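K.L.:
Sharing a structure with you now.
Coordinate-derived values only; no laboratory data. Remember, predicted model here, so these are calculated numbers, not experimental data. Here Cβ is always computed from backbone atoms with ideal geometry, including for glycine, and neighbour counts include all displayed protein chains.
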Amino acid sequence: MLEIRDLHATVADKPILKGLNLTIKPGEVHAIMGPNGSGKSTLANVLAGRDNYAITGGEALFEGKSLAELEPEERAQAGLFLAFQYPVEIPGVSNMEFLKAALESVRTAQGKEEWDSVTLLRQARAACKQVNLDASFLKRGVNEGFSGGEKKRNEIMQMLLMEPKLALLDETDSGLDIDALQTVAKGVNSLRSPERGIVLVTHYQRLLDYIVPDFVHVLSNGQIIKSGGKELALELEKKGYGWLTGEEESA
Amino acid sequence: MSQAELDKLIRSNYEAGFSTTVDTETLPPGLSEEVIRFLSAKKEEPEWMLEWRLDSYRKWQEMPSPGWAHLHHDPIDFNKVSYYSKPKSLDDAPKSLDEVDPELLATYEKLGIPLHEQEMLAGVAVDVVFDSSSVFTTFKEKLWEAGVIFCSISEAIQNHPELIKKYLGSVVPKGDNFYAALNSAVFSDGSFVYIPKGVRCPMELSTYFRINEANTGQFERTLIIADEGSHVSYLEGCTAPQRDENQLHAAVVELVALPGAEIKYSTVQNWYPGDENGKGGIYNFVTKRGVAHDNSKISWTQVETGSAITWKYPSVILRGDNSIGEFYSVALTRHMQQADTGTKMIHLGKNTKSTIISKGISAGRSSNSYRGLVRISPRAENARNFTQCDSLLLGDTCGAHTFPYIESKNPSATIEHEATTSKVSDDQMFLCRQRGIDPEKAVSMIVNGFCKEVFKELPMEFAVEAGKLLEVSLEGAVG
């Protein structure tokens, strides 16, 4: 469903990705690991279409369509979801209002049946429960005054409702305590299905104890330098990244 | 988002920009005692009213136009403005809607304000003012049964002279300021409301102002008196055709809240703002003020999206003990619009309380200023004020300014002031777009969220309208 070939990308004109190849098939869970500054988050943001993140070479095809040619909202409508590393606050816009606009747009684009407000509320409450967020969060402004952990859980809650085809999770584990990490992992695992691809961008192995990936890739200096199964993550945990990148690195 | 994308978003059409062709009697431009005599005679006003006008005119002639606001415009030539324009069909005051010129009715239909009572929003009575004249007031009889007087100010001068003599100019004196003096001399029409003691007005009252004729100034005068223990909610809306020249609008609104009364005054102002290059648009110089007696409350809510220039400070004089003043404002400027708006809360009585929530949104090359005064007089024991001024910038070619003035002469006062300036951030836009929301919808959602505290103060039907108006004003905006 996602085919990345020799992808080159810049952030504010600075080259970050330098010839990245990656194929993700439906049903697979991939973990992208690597030292700070290796381009992990850049990859997630390039795929989602953030401003200033430009594809300068190669291609990224999502279900056969070139992502470069789609606006960010079109990518979302096509079923691509990014759980943000730093979810931003939108004061005064309630979570519910936000979800309504998002789901209306995405469900319509995907030809799914429209949810009336009763259904929407019921679904949203269920999703909140799944990630251990009180339903009162639906009335609050998007991420407004949420703690770090609440923001991350709010992202997963949105993801559950949006039912993406491809979910990109950008360092969703950072800043989470062990309980929150398990809650988040449970939410993500519940989305695992034969039709869905999941990409976990993470610095640490510990998330992968709870969401066991099918593939692990090590990203360094804008390229994937090693790929393997879930055991590769354990090896990285023990040895750090230095043995792969040839640099001293304290993970 | 890039500036170019933002510009694209902000550029949009002014939906109320059409004009209506009706036969009018319009005075040639120019201002003199003769013009005022003519105008007064046309309205068959009593001698005392003419004298009041002439006295105002003399005061006005001696006053300089104010230069302190953060506004830039060429001097206004007051002799190029026509001070009277009335559709001929209104010469014989229509007794029922059937007698109103269909062209006029069509104009209001087009603006989304049907005048047929059965089609109207249930529970809203409307007075419509077209250029210099009141066209029609709906639900008059039903209000009359409750003892409420709701009519044009011209009618009130004829039929309720005792109330006019007592209260007209009692809150905004003739010589209060340059534009108020001008208005006092030449005001054409406007609305008059009297709520008797202890009456809760059974419906929302509303006036809809429309400037149509070119080169015509609109000088309306509104007077609302809420007698002891009464309650009224009033809303005004304004639009004007899209014209290349600037048109002048100088209104005066006076509110009197007698002991225990409550007045809620809401405005949705959408005068033509001019085009992207600052051509055309209304010059809006307005004086709005209320006096709150013991235990009374005056609440101003305004949503200002139109006008090339807005100069407006709805204020409350908290004269009585335990009186409450509130000001909730959303001012949106785009293109080359300039707004200098805010409020004055003058605390005179004991235990008086005021709240100011101001939300300024600037886009394009516009300039948006908040100017507010909180004054606590020596005998205002335990006065409290809370002020919050937030500015939101769309893009990097607009400006937001805050000019708060605080004068406290009583040590028991509590005054709080909070101010923030923020931008619609790329991160917020990206979050919305990543969730499938298109950029226009995203901007309007973010801006509406920013304004939420103010919108919730509007009567419900109008809160929806105001939200839509912001959406239209921002149509085509950010990426």
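K.L.:
Would you mind checking the pairs B:LYS197/B:LYS353; B:LYS42/B:LYS142; A:LYS25/A:LYS239; B:LYS279/B:LYS312; B:LYS297/B:LYS353 and listing those with alpha carbons more than 19 angstrom apart?
P.N.:
Result: B:LYS197/B:LYS353; B:LYS42/B:LYS142; A:LYS25/A:LYS239; B:LYS279/B:LYS312 exceed 19 Å.
K.L.:
Run the simple label-point estimate for A:ILE178 and B:HIS401 please: 7 Å along Cα→C-beta, distance reported in nm.
P.N.:
Between A:ILE178 and B:HIS401, the simple spin-label model gives 5.9 nm.
K.L.:
Sticking with this one: Given the C-alpha centroids of segment B:176-213 and segment B:423-446, what is the distance between them in whole angstrom?
P.N.:
40
K.L.:
What spacing in nm lies between the two simple spin-label points modelled at A:GLU104 and B:THR421, each 7 Å away from Cα in the Cβ direction?
P.N.:
Between A:GLU104 and B:THR421, the label points sit 3.4 nm apart.
K.L.:
How far apart, in nm, are two points set 7 Å out from the Cα along the Cα-to-Cβ line at B:LYS468 and at B:LYS456?
P.N.:
Going by the 7 Å Cα→Cβ label model, 2.3 nm.
K.L.:
Counting each DSSP H run of 4 or more residues in the protein assembly as shown as -39500 (n - 2.57), what helix-only mean residue ellipticity at 222 nm follows after dividing by all residues, to the nearest 500 deg cm²/dmol?
P.N.:
-8000 deg cm²/dmol
K.L.:
Test of understanding: express the Cα radius of gyration of the protein assembly as shown as a ratio to 2.2 N^0.38 Å, with N the residue count.
P.N.:
1.14
K.L.:
Tally Lys and Arg at +1 and Asp and Glu at -1 over the other residues with C-beta under 12 Å from the C-beta of B:MET63: what net charge comes out?
P.N.:
+1
K.L.:
Run the numbers for B:PHE38 and B:TRP68: contour at 0.36 nm per residue of separation, minus the present Cα-Cα distance, in nm.
P.N.:
Taking B:PHE38 through B:TRP68 to full extension adds about 7.4 nm, to one decimal.
K.L.:
For chain A, what does the relative contact order come out to in percent, with C-alpha contacts under 8 Å and a separation of six or more? Intermediate values should be presented prior to the final figure.
P.N.:
Values: 487 pairs, mean separation 67.0, N = 251.
Relative CO of chain A lands at 27 percent.
K.L.:
Same structure again: So what J values fall out for segment A:91-98 if you push phi through Karplus, 6.51 cos²θ - 1.76 cosθ + 1.60 with θ = phi - 60°, rounded to Hz, Gly and Pro as x?
P.N.:
So the Karplus estimates, Gly and Pro as x, are x, x, 9, 6, 3, 5, 4, 5 Hz.
K.L.:
Report the GluC sites (Glu not before Pro) located in segment A:44-73 that are in a DSSP loop and have at most 16 other Cβ atoms inside 10 Å of their Cβ, or state none.
P.N.:
A:GLU63
K.L.:
Another one. Set Lys and Arg Cβ to +1 and Asp and Glu Cβ to -1, take the dipole of the protein assembly as shown about its Cα centre, and tell me which of B:GLN269, B:THR414, A:PRO26 lies farthest positive.
P.N.:
Selected residue: B:THR414.
K.L.:
Treating the beta-carbon of each Lys and Arg as +1 and of each Asp and Glu as -1, no other charges, what is the dipole magnitude of the protein assembly as shown about its Cα centre, to the nearest 20 debye?
P.N.:
The calculated dipole for the protein assembly as shown is roughly 1640 debye.
K.L.:
I need the Debye-formula profile for chain A: one equal scatterer per C-alpha, no solvent, reported as log10 I(q)/I(0) at q = 0.07, 0.11, 0.16 1/Å, two decimals.
P.N.:
-0.23, -0.57, -1.22
K.L.:
So, one more: Specify which residue in the list B:TYR84, B:PHE187, A:ALA83 is farthest towards the positive end of the charge dipole of the protein assembly as shown, using unit charges on the beta carbon of Lys, Arg (+1) and Asp, Glu (-1), about the Cα centre.
P.N.:
A:ALA83
K.L.:
Let's test the formula: R0 of 60 Å, r as the Cβ-Cβ distance of B:GLU141 and A:THR56. What FRET efficiency results, to the nearest 0.05?
P.N.:
Working from the Cβ atoms, E equals 0.25.
K.L.:
Here is a follow-up. Rg (Å, one decimal) plus Dmax (Å, integer) for the alpha carbons of segment A:22-164?
P.N.:
16.1, 46
K.L.:
For A:TYR210, put the label point 7 Å out on the Cα→Cβ axis and report which residues of segment A:137-172 keep their amide N under 14 Å from it.
P.N.:
Residues A:149-157, A:171-172 fall inside that zone.
K.L.:
Take chain A, connect every pair of alpha-carbon atoms lying under 10 Å apart with a spring to form a Gaussian network, then pick out the residue of A:GLU113, A:GLU104, A:GLU155 with the largest mean-square fluctuation.
P.N.:
Looking only at A:GLU113, A:GLU104, A:GLU155, the largest GNM fluctuation is found for A:GLU113.
K.L.:
Please give me, ordered by residue number, the GluC sites (Glu not before Pro) of segment A:179-251 that lie in loop per DSSP and have at most 11 other Cβ atoms within 10 Å.
P.N.:
Loop-located and lightly packed - A:GLU195, A:GLU248.
K.L.:
Now, a different point. Could you work out how far the C-alpha centroid of segment B:255-318 sits from that of segment A:29-88, in angstrom?
P.N.:
48
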